[in-house]
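Please treat every number below as a calculation from the coordinates, not as lab data. Everything numeric here is computed off the predicted structure, so don't read it as measured data. Glycine gets a Cβ as well: all are built from the backbone with ideal geometry, and neighbour counts include every protein chain shown.
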């Protein structure tokens, strides 16, 4: 009697000793690999878009930093290829510290945007309500000049009534921003 192919597998020596853990293979689809590569390329693009001062705050090794600085100088087609190179370089590195540093920089930007929105609201209240809010501004920033604020508010109200460009409103915002920056 000849053995069937299924029976041959039973005769393989040491087959009983193979762990089931070794048999488990994690399959990664080609699409997932492409998505990960594209994500790293986008991370590289974010790094390249940073200014030189912000770039110093990102933990990059020398090769990657040189590639990013080169990409910042290159224009057009060469830049696209350089971005691909940066994405490829990021694949072999731990990108978590880089992402954390980028998030920290973005949060600083978000805080600045939030401050600007608060200053815009304060400016609008100054134009609408007048002296009551001037006292509030002087309470926040004791260095504030009441007389200058009142004249800017008067001019802003006239411009608003005459449907003119809001030059004084912009000046109020700039003045408030200067006060906030000098206090902080």
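Residue check: residue 98 meets all listed conditions (1) touching a residue at least 40 places away in the same chain (Cβ under 8 Å); (2) over 20 Å from the mean Cα position of the chain (by Cα); (3) in a helix (DSSP H, G or I) but one, namely (2). Just one of (1) in contact (Cβ under 8 Å) with a residue 40 or more places away in the chain; (2) surrounded by 13 or more Cβ atoms within 10 Å (Cβ to Cβ); (3) over 20 Å from residue 182 (Cα atoms) fails for residue 104. It is (2). Residues of the stretch 60-76 that are loosely packed, with under 12 Cβ neighbours inside 10 Å and within 21 Å of residue 103 (Cβ to Cβ): 61 alone. Filtered by the rule that a residue be farther than 19 Å from residue 82 by Cβ and loosely packed, with under 11 Cβ neighbours inside 10 Å, the stretch 36-55 gives a lone residue, 53.
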